[in-house]
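The values are calculated or read from the model by the stated rules, or taken from the named source; none is laboratory data. The shown structure was predicted, so the numbers you read here are calculated from the model rather than taken from an experiment. Ideal geometry is used to build each Cβ from the backbone, glycine not excepted, and the neighbour counts take in all protein chains shown.
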Amino acid sequence: MCARSVNHADADIFGSKIMGMNRHRGGLFDRGRGGDTADLREHNLALVLRYLRDNGPSSRAQIAASSSLGLSTLTGMIGELKTLDLVNEGLAGTQPRLGRPTHAVSLSGDAWVVAGLRVDVDGVQAKTATVGGDHLGSYADRADLRGGDPTPAIRMLRAAIDWIVESIDPHRRLTAITISVPGTLSPCGDSVARAESLGWSDVDLMTCVREQLQAGGCDGAIVEFARDSAVAVLGLARGELRDRIGDRTALYFGGERTVVGAILLAGEPLSSGPSGEADFARIPVQAPGREAQRLGDVIDLSALLTTSGVMAPDDAAELVDRFPREALSAFVAALSEGQEGAIAVLTGAMGAVGQAIEAAAAVLGGELVVLDGYLGVLGSLVEPPFDAAVEVIALGSHPSRVVDGAVYAARDARLAQPSRIRD
């Protein structure tokens, strides 16, 4: 496939904000400008914690060498983080034969709990962990939440928060919670602007979450909402693909029913939003002899089932809406049986994905592409053709990937505001 030129319309899909950040990526310990002394200290405390999160137990000299912080300043910060029960310091595992013994600083946080929740058409999931990264517990409440009425989901969300609060040991405290939702969030991030799979529009979830946390005595916890695609790619960057992603610019194509997108810059996610950032479904693609279409219209799981003749349109829409994994299995079964219609449709769909990869990599400077969800399964069967110099990883679908990512997001939110952890 020939490399595809990218015009201004393509660039608008990804948003000028992301393009600007991609051109001006800062180092890990860049301080930025503005703010008072307290803000700067909070910023530097957070950077020390992120360094330990990403690099594991490290000496003070190693931390200082990767920052603009002097050893005396760093010593005071480590003392403060010890007081907050966020780090430990002890003898390093490997010691020099001569001279003073070497000490290592490590992320602790055993006294502090973070939680991740996933709200989707099939119910509510939750997981808890310590800030240090130790898994504590899991929860799931299954129900069909389609239909546009958010009341059942809000009721289940309250029950999940009650479980989180009640499951925490008395010597621990809930300090941050991230809730992932499908669709787009409001500009201020406290409500669901639109979620087509749920039939929601302008649904306020923050009020019920705050009320339930206050009732459980955890009203000081940080609460954030995030798109499911953003937390999914964060979970991959912090977990199973950590070594492969590293600091590279990664483009995430995922979803269970249709394609959703997210971007990682230096290991940090920039998710799709109201401005259309990383809205990969809108990338224009073109099959030979046909008019240009949006990627989402070509690669939508219902469209694959219908166009291939595997299922009638109404049956495909119903199955994909309620049971996307079963719908994917039906399409894969048709491929396994050698149905020519399914094979031809998948080949064309992967060609469209290849065009989208070309466009996204050209605009964003992508070095790695992750295909997840149903695209990961299909991409492992037929590799999308493209000429861009990027690595493509096709992953099998994993039911807990989103809620795991929400836990990582909650931990990151807490590490960004360490001095306020006792508030």
Would you confirm, using the coordinates I've provided, whether ILE222 is crowded, with 16+ Cβ neighbours inside 10 Å, out of contact with any Leu (no Cβ under 8 Å at 6 or more places or on another chain) and of a type outside the set (Gly, Ala, Ser)? yes
Any residue at all in region 254-268 that's without any contact (Cβ under 8 Å) to a residue 60 or more places away in the chain, assigned by TED's automatic domain parsing to the domain that holds VAL369, part of a loop (DSSP other than H, G, I, E, B) and surrounded by fewer than 24 Cβ atoms within 10 Å (Cβ to Cβ)? yes
Can you list residue pairs whose Cβ atoms sit under 9 Å apart, with the first residue in region 297-318 being within 14 Å of ALA287 (Cβ to Cβ) and the second being among the acidic types (Asp, Glu) and surrounded by fewer than 19 Cβ atoms within 10 Å (Cβ to Cβ)? Count only pairs 6 or more apart in sequence or on different chains. ALA303/ASP297
Output yes when any residue across region 376-394 is assigned to a helix (DSSP H, G or I) and surrounded by fewer than 19 Cβ atoms within 10 Å (Cβ to Cβ), and no when none is. yes
If we scan region 81-94, do we find a residue that is surrounded by fewer than 16 Cβ atoms within 10 Å (Cβ to Cβ), at pLDDT 90 or above and not polar (S, T, N, Q)? yes
Contact list please: Cβ distance under 8 Å, first residue in region 223-235 and touching a residue at least 40 places away in the same chain (Cβ under 8 Å), second residue of a type in the set (Ser, Thr, Tyr) and part of a helix (DSSP H, G or I), pairs at least six apart or on different chains. VAL231/TYR408; LEU234/TYR408; GLY235/TYR408
Do we find a residue being touching a Ser or Thr at 6+ places or on another chain (Cβ under 8 Å) and of a type in the set (Phe, Trp, Tyr) anywhere in region 182-202? no
Of all residues in region 161-183 being of a type in the set (Ser, Thr, Tyr) and more than 22 Å from ASP144 (Cβ to Cβ), the one that is surrounded by the most Cβ atoms within 10 Å (Cβ to Cβ): THR178
Every listed condition ((1) modelled with pLDDT under 90; (2) on the phi > 0 side of the Ramachandran plot; (3) not aromatic (Phe, Trp, Tyr)) holds for SER68 save (2)
Residue ID - modelled with the highest pLDDT, chosen from residues in region 378-402 that are closer than 30 Å to PHE225 by Cα and out of contact with any strand residue (DSSP E or B) (no Cβ under 7 Å at 6 or more places or on another chain): LEU378
Determine whether PRO187 is exposed (fewer than 15 other Cβ atoms within 10 Å of the Cβ) and not aromatic (Phe, Trp, Tyr). yes
Would you pick out the residues in region 54-74 that are in a helix (DSSP H, G or I) and more than 11 Å from VAL105 (Cα to Cα)? ASP54, ALA64, ALA65, LEU71, SER72, THR73, LEU74
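Among the residues in region 162-171, are any touching a Lys or Arg at 6+ places or on another chain (Cβ under 7 Å) and modelled with pLDDT of 90 or more?
Looking through region 162-171, none of the residues is touching a Lys or Arg at 6+ places or on another chain (Cβ under 7 Å) and modelled with pLDDT of 90 or more.
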When you scan region 307-342, how many residues do you find that are of a type in the set (S, T, N, Q), part of a helix (DSSP H, G or I) and more than 30 Å from the chain's Cα centre (by Cα)? 2
ALA281 vs (1) surrounded by fewer than 19 Cβ atoms within 10 Å (Cβ to Cβ); (2) in contact with a Leu (Cβ under 8 Å, 6 or more places away or on another chain); (3) in a helix (DSSP H, G or I); (4) not β-branched (Val, Ile, Thr): all pass except (1)
For region 322-344, indicate whether the set of residues that are modelled with pLDDT under 90 and crowded, with 21+ Cβ neighbours inside 10 Å is non-empty. yes
